[in-house]
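Okay, structure first, notes after.
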Amino acid sequence: MDFLETLRDIVVLVHLAGFAILFGSWAVEAAAKRYQATPLMNAGLGLAFLAGLVLSAPWGLGDGELNYMKIGIKLVVLVIIGALIGISTSRAKKGSPVPPAFFWLIGALTLLNAGLAVIW
Ligand code: HEM
């Protein structure tokens with residue numbers, strides 16, 4: 001097992017931990033019927049983002065050929081999720097929470113990104 005391959009696997013693991021934190025914290029709020037974003041979702045998103053960037057850089061950590069089309073779309077989706085989380089948390093602080101549709105969109109887009117990663 002060569003060193004770079006193991007390093008890549010570790011970064012993928014961190015990337016997955018970010019996804020798990022984001023989707024897990026979202027699921028907790030859904031089950032509690034609170035339908036608002038939380039700071040933990042942001043933390044998971046940030047972790048997935050950082051590890052995703054490391055995996056996408058052209059320095060040999062990538063899984064053979066990098067699919068930049070897929071990576072680009074995942075990045076756009078991630079930015080949209082980040083915006084939705086940001087709007088949701090700031091509006092909640094101001095006492096005018098966003099409608100639940102915002103919240104459902106965060107979960108759907110998170111699943112979409114995982115689906116793009118696994119199925120495409
Ligand atoms: C909410 C955001 C994201 C989620 C839920 C997500 C989810 C995942 C999952 C589940 C995998 C594992 C796929 C596998 O091993 O078969 C993966 C791999 C990967 N992700 Fe993400 N990801 C997200 C954001 C990003 C971003 C922003 C980037 C790049 C800037 C990125 C780049 C990658 C790369 C390069 C891989 C390695 C495997 C591959 O080429 O598909 N991800 N992602």
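Each value in this text was obtained by applying a stated rule to the coordinates, not by laboratory testing. Nothing here was measured: the structure is a model prediction, and the numbers come from that model. Here the Cβ positions follow ideal geometry from the backbone for every residue, glycine too, while neighbour counts run over all protein chains shown.
Mind listing whichever residues of the range 105-120 are over 14 Å from G18 (Cβ atoms) and touching a residue at least 40 places away in the same chain (Cβ under 8 Å)?
Scanning the range 105-120 gives I106, G107, L111, L116, W120.
For the range 47-69, what are the residues that are surrounded by fewer than 15 Cβ atoms within 10 Å (Cβ to Cβ) and under 14 Å from the mean Cα position of the chain (by Cα)?
L50, L53
With the requirement that a residue be in contact (Cβ under 8 Å) with a residue 60 or more places away in the chain and under 16 Å from the mean Cα position of the chain (by Cα), what does the range 30-46 give you?
Correct list: A37, M41.
What tally of residues in the range 90-107 results from selecting those that are aliphatic (A, V, I, L, M) and exposed (fewer than 13 other Cβ atoms within 10 Å of the Cβ)?
Looking only at that region, the number is 1.
Count, please, the residues in the range 89-120 that happen to be under 17 Å from the mean Cα position of the chain (by Cα), more than 9 Å from the ligand (Cβ to nearest atom) and assigned to a loop (DSSP other than H, G, I, E, B).
The qualifying residues number 0.
Of all the residues that make up the range 1-49, how many are outside any helix (DSSP H, G or I) and either under 14 Å from G107 (Cα atoms) or near the ligand (Cβ under 10 Å from one of its atoms) (or both)?
Here the count works out to 6.
Hey, does the range 71-83 have a residue that's more than 12 Å from the ligand (Cβ to nearest atom), surrounded by fewer than 12 Cβ atoms within 10 Å (Cβ to Cβ) and under 20 Å from V14 (Cα atoms)?
No: the range 71-83 contains no residue that is more than 12 Å from the ligand (Cβ to nearest atom), surrounded by fewer than 12 Cβ atoms within 10 Å (Cβ to Cβ) and under 20 Å from V14 (Cα atoms).
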